[in-house]
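Chemist: A single structure is presented below for examination.
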Amino acid sequence: MRFESCAFGHAGPTTRRDVITLIGAAAAWPVAASAQQQAMPVIGYLGSESPEPYASRLVAFRDGLSETGYVEGRNVAIDFRWAEGRYSRLPALAMDLAARRVAVIVAPGGAEVALAARSATTTIPIVFEMGGDPLMLGLVASLSRPGGNLTGVTSLSVEVSRKRLEFMSELFPNATTFAVAVNTTSPTSALQLKNLHAAADSLGLQLRILTASSEAELNDVFRAASEMRVGGLVFTSDPYFAYRSHQLAALAIRHGVPTITQARDFPIAGGLMSYGGDFQQSHRHTGIYAGRIVRGEKPSDLPVQRVTKVELFVNLKAANGLGLAIPPSLLSSADVVIE
């Protein structure tokens with residue numbers, strides 16, 4: 001049997017075999033296109049929370065990535081895994097990304113995320129972002145020559161926990177007792193408490209330690225601080241607290257507790273004060289390192305970046321609501337005063 005020409009643009013008659021061959025080739029086009037898409041490098045992104053709390057940090061990360069020439073959806077893909085605030089899920093999510101054999105795993109938002117990523121692979125490059133000391137946590141051999149498959153960015157958020165106590169003492173010079181909120185599941189909690197106790201001893205202060213690692217316990221922390229009638233409440237540095245800044249601000253207002261945390265999102269949401277590292281810089285540098293690794297550089301050759309900028313935010317409206325007058329010395333130290 002013969003088929004008339006003009007199908008597929010042939011000038012002469014076409015046999016059944018020709019038609020089947022051509023149809024087969026046409027059917028292969030989507031496969032070829034899919035293969036090209038799969039060839040696009042994939043960044044695995046391991047987050048301890050959900051996309052919404054990470055929104056401003058993701059903007060900074062993508063900005064850093066674009067500085068190296070990579071734009072999501074154009075020449076690089078990002079595969080996200082979110083732990084929804086349950087740190088126990090992080091190791092399995094990290095293993096899932098490792099099984100995908102992504103080009104690099106980005107582990108931002110604290111020691112918990114970095115440790116989970118490290119447990120999942122010794123070969124896939126990992127870029128962490130945290131406030132703790134990666135050397136003390138055993139993540140790298142040295143800051144200048146990390147060795148292995150990890151490098152990243154660290155800020156001073158953990159180191160300056162004691163400074164938050166000093167700011168609260170300056171605000172309440174007659175107070176002798178302050179409450180401290182700590183997430184005992186954090187790998188850096190013991191070090192932060194040690195530093196806070198040392199600061200309290202030097203200032204002649206007493207500390208009341210309150211623990212929280214769930215949203216229900218956060219409400220208990222503020223209720224307890226209010227009932228203790230302490231000078232104020234100091235939060236240690238922890239991603240679980242940082243990503244719940246809006247909730248913390250609402251609780252601080254409801255219970256009338258003067259509070260300082262690490263994240264600028266807290267005073268922006270109506271809380272009193274924050275003091276911590278500049279997360280926009282640290283996440284932008286994380287994006288830069290991810291792009292450089294996708295481009296072919298090795299994490300062992302990329303020194304750990306240290307963001308030394310710290311920010312003090314003061315919310316005057318919150319102070320007025322608490323009946324507080326912020327000392328001029330504290331206002332002059334502030335990077336941002338919210339009126």
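Chemist: In this structure, is A98 under 16 Å from H285 (Cβ atoms) and either surrounded by 14 or more Cβ atoms within 10 Å (Cβ to Cβ) or more than 14 Å from the chain's Cα centre (by Cα) (or both)?
Modeler: On the way: under 16 Å from H285 (Cβ atoms): no; either surrounded by 14 or more Cβ atoms within 10 Å (Cβ to Cβ) or more than 14 Å from the chain's Cα centre (by Cα) (or both): yes.
It is false that A98 is under 16 Å from H285 (Cβ atoms) and either surrounded by 14 or more Cβ atoms within 10 Å (Cβ to Cβ) or more than 14 Å from the chain's Cα centre (by Cα) (or both).
Chemist: May I pose another question? Scan the range 68-81 and tell me whether some residue there is part of a helix (DSSP H, G or I), farther than 26 Å from S119 by Cα and either in contact with a strand residue (DSSP E or B) (Cβ under 6 Å, 6 or more places away or on another chain) or in the same structural domain as V113 (by TED's automatic domain parsing) (or both). Outline the logic, then answer.
Modeler: Of all residues in the range 68-81, those part of a helix (DSSP H, G or I) come to none.
No, the range 68-81 contains no residue that is part of a helix (DSSP H, G or I), farther than 26 Å from S119 by Cα and either in contact with a strand residue (DSSP E or B) (Cβ under 6 Å, 6 or more places away or on another chain) or in the same structural domain as V113 (by TED's automatic domain parsing) (or both).
Chemist: I'm trying to understand the selection: among the residues of the range 239-251, which are within 14 Å of G110 (Cα to Cα) and assigned to a loop (DSSP other than H, G, I, E, B)? Steps first, answer last, please.
Modeler: Of the range 239-251, the ones within 14 Å of G110 (Cα to Cα) are 239-243.
Scanning the range 239-251 gives a single hit, Y243.
Chemist: Modelled with pLDDT under 95, part of a strand (DSSP E or B), crowded, with 21+ Cβ neighbours inside 10 Å and at negative phi - does that describe any residue in the range 252-272?
Modeler: no
Chemist: Can you find, within the range 110-123, the residue that is surrounded by the most Cβ atoms within 10 Å (Cβ to Cβ) among those that are free of Cβ contacts under 8 Å to residues at least 40 places away in the same chain and either touching a Leu at 6+ places or on another chain (Cβ under 7 Å) or among the aliphatic types (A, V, I, L, M) (or both)? If you could, list the steps in order and put the result at the bottom.
Modeler: Step one: filter the range 110-123 for residues free of Cβ contacts under 8 Å to residues at least 40 places away in the same chain, giving 114, 118-123.
Subset that is either touching a Leu at 6+ places or on another chain (Cβ under 7 Å) or among the aliphatic types (A, V, I, L, M) (or both): 114, 118, 120.
Numbers: A114: 30, R118: 21, A120: 22.
The qualifying residue surrounded by the most Cβ atoms within 10 Å (Cβ to Cβ) is A114.
Chemist: Which is closer than 15 Å to G232 by Cα, polar (S, T, N, Q) and under 24 Å from the mean Cα position of the chain (by Cα), of S214, S189, S161, S169?
Modeler: On the way: S214 fails: closer than 15 Å to G232 by Cα; S189 fails: closer than 15 Å to G232 by Cα; S169 fails: under 24 Å from the mean Cα position of the chain (by Cα).
Of S214, S189, S161, S169, the one residue that is closer than 15 Å to G232 by Cα, polar (S, T, N, Q) and under 24 Å from the mean Cα position of the chain (by Cα) is S161.
Chemist: Something else: Scan (1) within 30 Å of P125 (Cα to Cα); (2) of a type in the set (V, I, T); (3) not assigned by TED's automatic domain parsing to the domain that holds V59 for the single condition I326 breaks and write down its number.
Modeler: Going through (1) within 30 Å of P125 (Cα to Cα); (2) of a type in the set (V, I, T); (3) not assigned by TED's automatic domain parsing to the domain that holds V59 one by one, I326 breaks only (1).
Chemist: Going through the range 133-162 one residue at a time, which ones are without any contact (Cβ under 8 Å) to a residue 60 or more places away in the chain and either closer than 17 Å to H285 by Cα or crowded, with 22+ Cβ neighbours inside 10 Å (or both)?
Modeler: D133, L139
Chemist: Are any of the residues in the range 287-300 part of a strand (DSSP E or B) and either among the hydroxyl-bearing types (S, T, Y) or surrounded by fewer than 24 Cβ atoms within 10 Å (Cβ to Cβ) (or both)?
Modeler: Going through the range 287-300, the residues part of a strand (DSSP E or B) turn out to be none.
No, there is no match, as no residue in the range 287-300 is part of a strand (DSSP E or B) and either among the hydroxyl-bearing types (S, T, Y) or surrounded by fewer than 24 Cβ atoms within 10 Å (Cβ to Cβ) (or both).
Chemist: Take the residues of the range 284-332 that are in contact (Cβ under 8 Å) with a residue 40 or more places away in the chain and hydroxyl-bearing (S, T, Y): which is farthest from P258 (Cα to Cα)?
Modeler: The extreme case among them is S300.
Chemist: Do we have any residue at all in the range 283-291 that's of a type in the set (A, V, I, L, M) and over 19 Å from the mean Cα position of the chain (by Cα)?
Modeler: We begin by selecting, within the range 283-291, every residue of a type in the set (A, V, I, L, M); these are 288, 290.
Filter again for over 19 Å from the mean Cα position of the chain (by Cα), leaving none.
So far as the range 283-291 goes, no, none of its residues is of a type in the set (A, V, I, L, M) and over 19 Å from the mean Cα position of the chain (by Cα).
Chemist: Also, I was wondering about something else. One residue is enough: does the range 304-311 have a residue meeting the conditions part of a helix (DSSP H, G or I), within 19 Å of the chain's Cα centre (by Cα), at pLDDT below 95 and not hydrophobic (A, V, I, L, M, F, W, C)? Walk me through it before giving the result.
Modeler: Taking the range 304-311 and keeping what is part of a helix (DSSP H, G or I), we get none.
There is no residue in the range 304-311 that is part of a helix (DSSP H, G or I), within 19 Å of the chain's Cα centre (by Cα), at pLDDT below 95 and not hydrophobic (A, V, I, L, M, F, W, C).
Chemist: Could you please find all residues in the range 101-132 being assigned to a loop (DSSP other than H, G, I, E, B) and under 15 Å from the mean Cα position of the chain (by Cα)? Even if it seems obvious, please write down each step before you answer.
Modeler: We begin by selecting, within the range 101-132, every residue assigned to a loop (DSSP other than H, G, I, E, B); these are 101-103, 109-110, 121-125, 131-132.
If the condition is that a residue be assigned to a loop (DSSP other than H, G, I, E, B) and under 15 Å from the mean Cα position of the chain (by Cα), then G109, G110, G131, G132 are the ones that fit.
Chemist: Output the number of residues of the range 273-282 satisfying the condition of being out of contact with any Asp or Glu (no Cβ under 6 Å at 6 or more places or on another chain) and either assigned to a helix (DSSP H, G or I) or among the small types (G, A, S) (or both).
Modeler: Residues in the range 273-282 being out of contact with any Asp or Glu (no Cβ under 6 Å at 6 or more places or on another chain) and either assigned to a helix (DSSP H, G or I) or among the small types (G, A, S) (or both): 6 in total.
Chemist: Return yes or no: is L46 part of a strand (DSSP E or B), in contact with a Leu (Cβ under 8 Å, 6 or more places away or on another chain) and at pLDDT 95 or above? Let's see the steps before the verdict.
Modeler: Values: part of a strand (DSSP E or B): yes; in contact with a Leu (Cβ under 8 Å, 6 or more places away or on another chain): yes; at pLDDT 95 or above: yes.
Spelling it out, L46 is indeed part of a strand (DSSP E or B), in contact with a Leu (Cβ under 8 Å, 6 or more places away or on another chain) and at pLDDT 95 or above.
The values are calculated or read from the model by the stated rules, or taken from the named source; none is laboratory data. Note that the structure is predicted; figures quoted are calculated from it, not measured. So basically every Cβ, Gly included, is an ideal-geometry build from the backbone, and we count neighbours across all protein chains shown.
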